[in-house]
Amino acid sequence: MLPRVADSLSFLYLDVVRVHQDDTGVCAEVTSERHGTQTVYLPTAALSCVLLGPGTSITTRALATLARHGTTVVVTGSGGVRCYAATLPDSLTTAWLERQARAWADDEQRLRVARAMYEKRFGAGTVPADATLQQLRGFEGARVKAHYQLLARQYKIGRFRRNYDPASWEDQDPVNLALSAANTCLYGIVHAAIVALGCSPALGYIHSGNQQAFVYDVADLYKAQLTIPLAFSLHAATDPERQARRSFRDGLRMFKLLPRIVADVQQLLDPAGEYEIEDPDEQLVNLWDPVVGHIPGGTNHGAET
């Protein structure tokens, strides 16, 4: 599974279409007065994530096929800026989930992972070993603010303030619209990679109290390189949301985001590199034992008579 996840296409955004399964595969139907009904088949086995925007319907047969192929389906709101629901594709093992849960439940390990995340963002040696989470958050805020100011000067757009207000979505400036749209695409890709590894999107190390906490943690590793510069480059765009999605998708081809997410998550949860990749064709269900750890499942453990 891991090579397939890392090598998958990034995402596909759909809105105002009907997605269903026919005898050939999963397809999207688009109906218009000018062109009638047009059908486009989706490369389900090669997609990591499908974002379903407003006006989209999908059948259960299509959802089942996407789940079997390991494609995450994310239901988003207007502008693609909210995640209302997401499917979970089948995972082969819980090994990474168990590592994630152990590190999350231990305060010392959780702080270690949080520090490692900040170091990935700002460079090795930039995070003091004795820094608290509060100090790390302050350090992050200052760095992000300085990044905004640098890009604002570069594109000569004056003072910029990050603003996300769903209640007045259309009133926001192009940079904020583009940034929100691109971030949502990024969240969908990160969510797909996390669940494909078998991890929980909810167990975050910096973010907390949300079902997407770990998604936000991991996505923050790449915003400064991917979504923030892209959003500022679209400061004069007439349709910043659509242009952000298309430009973001094109940029991912060179950035190779999916392999990077897989490698970064594994390194964060297993810094010693001790985990051995299991045979993807071997799906085992073991039983837990407090003494020996795992014992084989599918076996009658009753006393012989």
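Since every read-out is calculated from the coordinates, none of them should be taken as a lab result. Nothing here was measured: the structure is a model prediction, and the numbers come from that model. Every residue, glycine as well, gets a Cβ built from its backbone with ideal geometry; the counts of neighbours run over all protein chains shown.
Values for this structure:
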item	result
Environment charge at LEU133 (Cβ cut-off 15 Å; Lys +1, Arg +1, Asp -1, Glu -1)	-3
Sequence of SER57, SER32 once ranked by neighbouring C-beta atoms within 10 Å, starting from the fewest	SER32, SER57
Per-pair calculated FRET efficiency, R0 = 30 Å: THR126 and ASN163 via Cβ, rounded to 0.05	0.60
ASP106/ASP250 FRET efficiency (R0 45 Å; Cβ-Cβ; nearest 0.05)	0.65
Calculated FRET value between VAL144 and ARG68, using beta carbons and R₀ = 45 Å, to 0.05	0.70
Radius of gyration and Dmax over the Cα atoms of the stretch 95-269, both given in Å	16.7, 49
Length gained when the stretch GLN225-ILE295 is fully extended (0.36 nm per residue, less Cα-Cα span)	20.7 nm
